[in-house]
Amino acid sequence: MARNKLLSKLLLFPISRIYGMVVAVRNKMFDSGILKQHEFDVPVITVGNIAMGGTGKTPHTEYVVDSLRDDYTIGVLSRGYKRKTKGFVLATKRSRPEDIGDEPYQIYHKYGKEVTVAVCESRVEGIKRMLEINPRINLVVLDDAFQHRYVKPSISIVLTEYNRPVFYDDLLPYGRLREPVNALNRADVVIVTKCPDEVKPMDFRIYKEALNLYPYQKLFYSTYAYGHLVSVFPESVQYIPYLDWLTPDDSILVLTGVANPRPFVRHLRKFKARVKVRRYNDHHNYTHGDMESILKKFNELPGNRKFIITTEKDAVRLSNNPYFPHKLKSCIFYLPIKVEFLPQCEGDFVQAVKTLLRNNATLKA
């Protein structure tokens, strides 16, 4: 087994080096102007990462939107990962997760008419269409678009997960990096996400030194605060449990289809109930067979009271799934998360973003 793993790494390493050269040439073409960047009259904020998945882009995108929606008319544009449509699609009341993707669907239903949400493979075309549909938009937020350099951002926010440091990682497919670590030089703001409770002051200093950012770049640290359980099917539930109420005689079946479910599962294991985990791939499309398997697993759980707890992103897909067992609708809940910034940050995140937006507007004037 170890030998096969070593052989696999030896084969992937040269591919990783070739991939790195392709990425470097592409970035050089943008930097030199051979590949053109489109600049819009309205400010554009990108929220992205340089590693594959699991850094918390959607919660941080929501944090940006929530912090700025009183001051701006916001449009949120995403690629709409794993949707079954093509081209530009505007989110409406009739949209389904398969039309626009689970994350844009979640954002649209969270903010309703306050925010215009759309998806498009071409961010340039997507922004143009959004501004035509709603000319009042005066701020665009791009979800997962740090590598989409055809749009010139006003502010680039890059996320890196605390427990998966980019400075110890390598390029795809040998590692998890989409770009080399020096791509962080293009960021205005770097956020170290999902910081655990036990981080010591020395750990923050070590992290800062390892990232080696420029003086003009802002560094922030964030964590997740978990809310109260919310029913996935509110019309079917009679009462909503509190995690603090659970006892060792209760059982939880955890369903996750996210890139990195470990912090979520770790949080649920803090409570007294027995926890069983059913893990699926990120953006998993739950099938009829999955539903039968979940029902069987739930029936096998011991205990007086049994619950299914899932992530907010999974709840979007499960609530729209035609195969979801009717029997389980009264006992499945999702646990919402909210981003919180730690006191070790270099100033206030929202104020820093607003200052960057003002400075950008001044430069354009």
Some residue of the stretch 179-187 being buried (at least 20 other Cβ atoms within 10 Å of the Cβ), assigned to a loop (DSSP other than H, G, I, E, B) and assigned by TED's automatic domain parsing to the domain that holds Asp102:
yes
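A quick yes/no check of all residues on (1) outside any helix (DSSP H, G or I); (2) farther than 22 Å from Tyr239 by Cβ; (3) in contact (Cβ under 8 Å) with a residue 12 or more places away in the chain:
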position: Lys329; (1), (2), (3): no, no, yes
position: Phe333; (1), (2), (3): yes, no, yes
position: Lys338; (1), (2), (3): yes, yes, yes
position: Gln344; (1), (2), (3): yes, yes, yes
position: Val350; (1), (2), (3): no, yes, yes
position: Arg358; (1), (2), (3): no, yes, no
position: Leu363; (1), (2), (3): no, yes, no
Output for the stretch 6-39, where each listed residue is under 22 Å from Leu184 (Cα atoms), surrounded by 10 or more Cβ atoms within 10 Å (Cβ to Cβ) and among the polar types (S, T, N, Q):
Ser16, Asn27, Gln37
Any residue in the stretch 78-102 that's in contact (Cβ under 8 Å) with a residue 40 or more places away in the chain and not assigned by TED's automatic domain parsing to the domain that holds Val117: show its pairings with residues that are surrounded by 21 or more Cβ atoms within 10 Å (Cβ to Cβ) and part of a loop (DSSP other than H, G, I, E, B) at Cβ separation under 9 Å, as long as the two are six or more apart or on different chains.
none
Residue satisfying all of: in the stretch 39-82; charged (D, E, K, R) and touching a Lys or Arg at 6+ places or on another chain (Cβ under 7 Å); farthest from Tyr224 (Cα to Cα) among these:
Glu39
Leu77 under 12 Å from the mean Cα position of the chain (by Cα), crowded, with 24+ Cβ neighbours inside 10 Å and under 30 Å from Val25 (Cα atoms)
no
Here are some conditions: (1) within 28 Å of Asn360 (Cα to Cα); (2) modelled with pLDDT under 95. Gly53 meets all but one. Which one does it not meet?
(1)
Sort out which residues of the stretch 208-263 are within 21 Å of Cys331 (Cα to Cα) and either assigned to a helix (DSSP H, G or I) or of a type in the set (D, E, K, R) (or both), and write them in order of number.
Pro234, Glu235, Ser236, Leu243, Asp244, Trp245, Asp249, Asp250
Considering residues that are within 14 Å of Arg123 (Cβ to Cβ) and of a type outside the set (A, V, I, L, M, F, W, C), the number found within the stretch 77-93 is 5
The number of residues in the stretch 264-289 that are of a type outside the set (Lys, Arg) and part of a loop (DSSP other than H, G, I, E, B) is 10
Quick check: anything in the stretch 61-68 part of a strand (DSSP E or B) and among the hydrophobic types (A, V, I, L, M, F, W, C)?
no
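The values are calculated or read from the model by the stated rules, or taken from the named source; none is laboratory data. This structure is a prediction, so every number in the text was calculated from the model and none was measured. Positions of Cβ are generated from backbone atoms using ideal geometry, with glycine treated the same way; all protein chains shown enter the neighbour counts.
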